[in-house]
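Enquirer: Sharing a structure with you now.
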Amino acid sequence: MSLEKAQRREPDKASIREALGLAYLRLHRYREAAAEFEHILDAAPANDYAHYCLGRCLTRLGEPGLAAGHYKMAVWLRPEVDYYREAVDGLTA
């Protein structure tokens, strides 16, 4: 995957890590996707979209409690984003 090569060349570039994480999500490689979003959050803990995406990974890995924390953080950071709130509501439904 060429994104993996780009990530090795520029390991701290968030846009590459985000694209790679999303690609892993689509490929159902949830642990690898989670690692990418965790790396983004280590450098930028207020990245609402990374919290949301990490929540998606954790949901698919069977960790709804951990996912809820990240979904709630995404909502707290950007309450106007409807699909963040829908993710929280989906866990309690």
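Enquirer: Looking at Ala43, Ala34, Ala50, which one is within 26 Å of Glu80 (Cβ to Cβ), small (Gly, Ala, Ser) and open to solvent by 70 Å² or more (accessible area, probe 1.4 Å)?
Expert: Answer to the check: Ala43.
Enquirer: Any chance you could count how many residues in the stretch 66-87 are open to solvent by 30 Å² or more (accessible area, probe 1.4 Å) and either among the hydroxyl-bearing types (Ser, Thr, Tyr) or at pLDDT below 95 (or both)?
Expert: 1
Enquirer: Would a scan of the stretch 52-59 turn up a residue that is out of contact with any helix residue (DSSP H, G or I) (no Cβ under 7 Å at 6 or more places or on another chain) and free of Cβ contacts under 8 Å to residues at least 40 places away in the same chain?
Expert: Checked the stretch 52-59: no residue is out of contact with any helix residue (DSSP H, G or I) (no Cβ under 7 Å at 6 or more places or on another chain) and free of Cβ contacts under 8 Å to residues at least 40 places away in the same chain.
Enquirer: Could we say that Glu4 is modelled with pLDDT under 95, assigned to a helix (DSSP H, G or I), touching a helix residue (DSSP H, G or I) at 6+ places or on another chain (Cβ under 7 Å) and of a type outside the set (A, V, I, L, M, F, W, C) here?
Expert: yes
Enquirer: Give me the pairs, please: first residue somewhere in the stretch 24-47 and under 13 Å from Pro11 (Cβ atoms) and modelled with pLDDT of 95 or more, second residue anywhere and open to solvent by less than 40 Å² (accessible area, probe 1.4 Å) and of a type in the set (Ser, Thr, Tyr), beta-carbon distance under 7 Å, and either six or more positions apart or on two chains.
Expert: Glu36/Tyr24
Enquirer: OK, next. State whether the residues of the stretch 47-70 include one that is in contact with a Lys or Arg (Cβ under 7 Å, 6 or more places away or on another chain) and of a type in the set (Asp, Glu).
Expert: Scanning the stretch 47-70, I find at least one residue that is in contact with a Lys or Arg (Cβ under 7 Å, 6 or more places away or on another chain) and of a type in the set (Asp, Glu), so the answer is yes.
The values are calculated or read from the model by the stated rules, or taken from the named source; none is laboratory data. Here the structure is a predicted model, which is why all the values come from computation and not from measurement. Don't worry about glycine lacking a Cβ; one is built from the backbone with ideal geometry, like all the others, and counts go over all protein chains shown. For accessibility, only protein heavy atoms count, side chains too; no ligands or nucleic acids. Shrake-Rupley method; radii C 1.70, N 1.55, O 1.52, S 1.80 Å.
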